[in-house]
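These notes are about the structure you will find just below.
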Amino acid sequence: MSNIALTRIQREFKEVIKSDEVKNCQIKLEPFEDNFTHLKGEIIGPPDTPYQGGKYTLDIVIPETYPFNPPKVKFLTKIWHPNISSQTGAICLDILKDQWAAAMTLRTVLLSLQALMSAAEPDDPQDAVVATQFKQHPEIFRSTASFWAYVYAEAPRNEKMKEYEEKLKQLQEMGFHEKNSRITALSSKNWDLQAAMEFLLP
Amino acid sequence: MEERKIKKMDDNEMEECDMGSDEDYYNDPDPDVTHTDNDKDPESFEYKILEVVEVEMLLNTSVETMCKTIDVSPSLAKLLLHNYSWNTQKIEAEYRQNPEQLLINGKIKPSKIAKGVSRKNECIVCAQEVDTLLGVECRHRFCETCWCQHFEVQILNGVSTAIGCMGTDCTVLMPEDFVLSILRCRNQSKLSQQYQELTFRSYVSNHPELLYCPGPNCTAVIQAKAKEAKRVDCKKCKTTFCFKCGIDYHAPADCDTIKKWLIKCADDSETANYISAHTKDCPKCQVCIEKDGGCNHMKCKKCGHDFCWMCLGDWSAHGSEYYECSKYKENPNIANESEHAQAREALKKYLFYFERWANHDNSLRKEKDKMKEIAKQIEEKVTTKDGTWIDWQYLNKAGELLRRCRYTLQYTYPYAYYMLKGARKELFEYQQAQLESAVEALSYDIERAVLDSRGDIENKMDVVEKRRLTLVREFLVT
Ligand SMILES: [Zn+2]
Ligand SMILES: [Zn+2]
Ligand SMILES: [Zn+2]
Ligand SMILES: [Zn+2]
Ligand SMILES: [Zn+2]
Ligand SMILES: [Zn+2]
């Protein structure tokens, strides 16, 4: 790690720890194994979104050329969002690409990700399936996203989830054992059991 | 005759200044025959081939004018011009309306002025106290080391004219003089060189009158009044390309058609691969025949049968008015057939056109080799006093003309593939067949030329170019 990068990261740690967001438990930042090149971030799903109350862990890799190149960030917690891959957690966000500026910090990144969770940009999608659902079936999108938040991010449960769990159980009884694939199949097929089954068949 | 000589001399001079002149091709092969409608050539196009120095001069003229019109430094003028695609009129108009907004749109001034950084001499990028902080119009200030690192990262990524400020949410771009002064202070001469090459390329690519020659390792820049889909022949590297889209010249097809076609060919390359055979069996005696020349008119060395390489039909049917080898015969009942049959028909249709397209491409390459061979033979003949060099010149001209006509012919196939059925397509296919038969006739004769076939070949040259121009004139959208 270059000198500039190390000084910067250390400084940013102090900055994040002192920030109001940390006091309000909105964001968190800690190193992976005492190493400043690999960090773990955490953001809380913002209010009035399907992600409300969910805890989302992020994998942050600091490049050698930081801060002249952006950090590499992806979601470790699975999330249903048009700009985040439901499979890999890869994020499509301009400031993590060509709109990055060296004066930006990890705090900026975490807050921008929280903002992204509040305001998706379906016209610049990372996950085409999610983006299509977002546009064509906004209701299904919202309930699917909060179901994922409940299953993967410890967000609170609601009434709608009973129906979804019922369908998951039916798929399981048909012999589809992998839970994540069942959730993905049903979510991708707007919770149509028949279509999800066909999706799962090789 | 007198006039012709003068014209010739002009041509030689033209070579020097690299004007894109096509005079040679349209000069009568025989001075006794006169062409009347050559002045209406739909492909003619005026352009210049510029060296790097000439391009710099051209750009600098615009920059100087800009500096005078609106009061900015040459570097900022360059940035402004680049961001406005070198449209001086638009810049001047916007300047008269709202000079402040012009500088914001041109990425010279920020849309909002940055708030002062709290701690005085700290560079927020490296979190260090330093003596001096530097920056441009937006008032974001950083240390020299950070600027230099920032530039290095960007330049190594190929970014040049689009290098931005390091400030958060800042829209300002870095002017050339600022970048260069930082690089100079840090002794980054190699980086500085790279940066200048990149910016130059970037200026050219944003300029509406300029285009880089797409030829491999060619540094020529073409200049013309507007980005029209016209043919440019680069005198430096011999590449022929379209001034609008920059890929191989493609008349009579337009830029969109050829793009669609090339994408289709790339997508279907595996399907099409099996047909690019270099040997076929003689349809009469079944002996294996290799295609070594460009001509589709094959003569079996064993049984003497004349046949067509493309359709394996009798060649005698190809020389007449009823040359049908280039025309795809669609199943008239296809709309009523099954989905499967329709898919098969679609593939058959594509392969028909692709095969002819690829075959002409292949012939062009073979004929190029053939012309080299012929050039050698001419030299030998001249040494053994079998005619003079001038006597044989007609053959080189014939080869050059053949290349041009076959090239157009090649591009008639994607054009026809996307054409809708109807009278227009029938006329197109008729003219295409006419050109096809004339091209093969000329190719056949050139491969077998002797001194006394000059008259014959010159007649065929006349016919083939007339047919080519008829088709291009009718179907090239200008
Ligand atoms: Zn600095
Ligand atoms: Zn700035
Ligand atoms: Zn060239
Ligand atoms: Zn073009
Ligand atoms: Zn034979
Ligand atoms: Zn044929």
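The values are calculated or read from the model by the stated rules, or taken from the named source; none is laboratory data. Because the structure is predicted, anything quoted here is derived from the model rather than measured. All Cβ positions, glycine included, derive from the backbone under ideal geometry; neighbour counts span all protein chains shown. Only protein heavy atoms, including side chains, enter the accessible area calculation; ligands, DNA and RNA are left aside. Shrake-Rupley method; radii C 1.70, N 1.55, O 1.52, S 1.80 Å.
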query: Which of the following residues is over 30 Å from B:Cys143 (Cβ atoms) and either in contact with a Ser or Thr (Cβ under 8 Å, 6 or more places away or on another chain) or more than 14 Å from chain B (Cβ to nearest Cβ) (or both): A:Leu76, A:Leu113?
result: A:Leu76
query: List the pairs whose first member sits in the range B:39-63 and is under 30 Å from B:Ser73 (Cβ atoms) and touching a residue at least 40 places away in the same chain (Cβ under 8 Å), whose second member is surrounded by 17 or more Cβ atoms within 10 Å (Cβ to Cβ) and among the acidic types (Asp, Glu), and whose Cβ atoms are under 8 Å apart, counting only residues at least 6 apart or on separate chains?
result: B:Lys48/B:Asp18
query: For the range B:122-161, how many residues are over 22 Å from B:Ile104 (Cα atoms) and either within 16 Å of ligand 4 (Cβ to nearest atom) or polar (S, T, N, Q) (or both)?
result: 6
query: Mind checking whether some residue in the range B:156-172 is within 11 Å of chain A (Cβ to nearest Cβ), over 17 Å from B:Ser75 (Cα atoms) and in a helix (DSSP H, G or I)?
result: yes
- prompt: Out of the residues in the range A:179-202 that are in a loop (DSSP other than H, G, I, E, B) and in contact (Cβ under 8 Å) with a residue 40 or more places away in the chain, which is most open to solvent (accessible area, probe 1.4 Å)?
  reply: A:Asn190
field: Which listed residue is away from chain A (no Cβ under 14 Å), over 22 Å from B:Gln194 (Cα atoms) and buried (at least 16 other Cβ atoms within 10 Å of the Cβ), from B:Leu76, B:Leu80, B:Leu102, B:Leu133
entry: B:Leu102
- prompt: Looking only at the range B:208-224, which residues are of a type in the set (Val, Ile, Thr) and surrounded by fewer than 17 Cβ atoms within 10 Å (Cβ to Cβ)?
  reply: B:Thr219
- prompt: Of everything in the range B:366-387 that's charged (D, E, K, R), within 27 Å of B:Tyr413 (Cβ to Cβ) and in contact (Cβ under 8 Å) with a residue 12 or more places away in the chain, which residue is surrounded by the fewest Cβ atoms within 10 Å (Cβ to Cβ)?
  reply: B:Lys368
query: Of (1) within 14 Å of chain B (Cβ to nearest Cβ); (2) under 18 Å from A:Gln52 (Cα atoms); (3) of a type outside the set (Ser, Thr, Tyr), A:Leu106 satisfies all except one. Which?
result: (2)
query: Restricted to the range A:56-73, and to residues that are open to solvent by 40 Å² or more (accessible area, probe 1.4 Å) and touching a strand residue (DSSP E or B) at 6+ places or on another chain (Cβ under 6 Å), which residue is nearest to the other protein chains (Cβ to nearest Cβ)?
result: A:Lys72
- request: Given the conditions (1) touching a Gly at 6+ places or on another chain (Cβ under 9 Å); (2) closer than 30 Å to A:Trp148 by Cα, report the number of the one that A:Pro46 does not fulfil.
  value: (1)
